[in-house]
Amino acid sequence: MLVTDSIRFGHFHYDSFEAIPDFRSQRYLPTAASNIEMHKHANGYRARYDISAADFEAYLDGLWTQYGEHSAVERGGFMDEGQTVSPELFNHTFDGLNWTCPATAIVYYSPSEGDGGGATYYYDADAGLMFQRTGFW
């Protein structure tokens, strides 16, 4: 397992969505994402990537259109959705990755699976920079 885990988990870089070799790591990630840094673990990943505001908005709207009726939480039902992310929360979420909290990053959510799976997006529209935490089981 040590050899397998060293290939499956850890820190990776991908130029594009298509370069990601496994479907689990593509889960909740926009196909328009580029310059992707990803830290994979057994139950999800944390990622940082470039994406335009238009591409992210279209992706998130599409997720909610396709899966929203099955979401454990309604769109807009998360307490901090649409608000600026606090540096404390950001630093806790991305602990150990040495990523800096953007001053203007806004919090967004994917539809939420009944078992807690889903994604939280911290988007800095001015920079076209996304930080994402994804969990799956």
Say we look at the stretch 113-137 and pick out the residues that are surrounded by fewer than 15 Cβ atoms within 10 Å (Cβ to Cβ) and more than 16 Å from Phe23 (Cβ to Cβ); which of these is nearest to the chain's Cα centre (by Cα)? Gly116
Considering only residues that are more than 15 Å from Arg48 (Cα to Cα) and among the charged types (D, E, K, R), which ones fall in the stretch 84-125? Glu88, Glu113, Asp115
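Where a number appears in this text, it was derived from the coordinates with a stated rule and is not lab data. None of the values given here were measured: they were computed from a predicted structure. In this analysis, Cβ positions are derived from the backbone assuming ideal geometry, glycine residues included, and neighbour counts consider all displayed protein chains.
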